[in-house]
1. Residue pairs, Cβ under 7 Å, 6 or more apart or interchain, first in segment 30-51 and at negative phi, second of a type in the set (Asp, Glu). List them.
2. Quick check on this structure: which one of Ala7, Ala46 is exposed (fewer than 12 other Cβ atoms within 10 Å of the Cβ) and modelled with pLDDT under 90?
3. Pairs under 7 Å by beta carbon, first residue more than 12 Å from Arg50 (Cα to Cα) in segment 16-27, partner exposed (fewer than 12 other Cβ atoms within 10 Å of the Cβ) and among the charged types (D, E, K, R), six or more apart or different chains?
4. Quick check on my filter: what residues within segment 3-22 are assigned to a loop (DSSP other than H, G, I, E, B) and not β-branched (Val, Ile, Thr)?
5. Considering every residue within segment 23-30, establish whether at least one is surrounded by 10 or more Cβ atoms within 10 Å (Cβ to Cβ), in a helix (DSSP H, G or I) and at pLDDT 90 or above.
Amino acid sequence: MVSFPHAISSAWWWPLPEVTALLASAGFRVEHTERRQDSGARPHAALIARRPGSAIHSSENSL
């Protein structure tokens, strides 16, 4: 983790492999990841993780 200044409070940058490993150790399965780094900006990532056997709410299926 690396701290960086943010307009509201301190923020933290976590390497994506580290977050993925933490989720796996908590019983989640990472199903999708996205990464980008715009010129002059910090890298950004997003992921979707689900706990196997968890229900999916019907509102999530309406997207």
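The values are calculated or read from the model by the stated rules, or taken from the named source; none is laboratory data. All values derive from a computational prediction rather than experimental measurement. Note that each Cβ is placed from the backbone with ideal geometry, even for glycine, and that neighbours are counted across all protein chains shown.
1. Close Cβ pairs (under 7 Å, with a partner that is of a type in the set (Asp, Glu)) amount to Ala45/Glu34; Ala46/Glu34; Ile48/Glu31; Ala49/Glu31; Arg50/Glu31.
2. Selected residue: Ala7, the only one of Ala7, Ala46 that is exposed (fewer than 12 other Cβ atoms within 10 Å of the Cβ) and modelled with pLDDT under 90.
3. Here the result reads Leu16/Arg35, each pair linking segment 16-27 to a residue that is exposed (fewer than 12 other Cβ atoms within 10 Å of the Cβ) and among the charged types (D, E, K, R).
4. Pro5, His6, Ala7, Ser9, Ser10, Trp14, Pro15
5. Among the residues of segment 23-30, at least one is surrounded by 10 or more Cβ atoms within 10 Å (Cβ to Cβ), in a helix (DSSP H, G or I) and at pLDDT 90 or above, which makes the answer yes.
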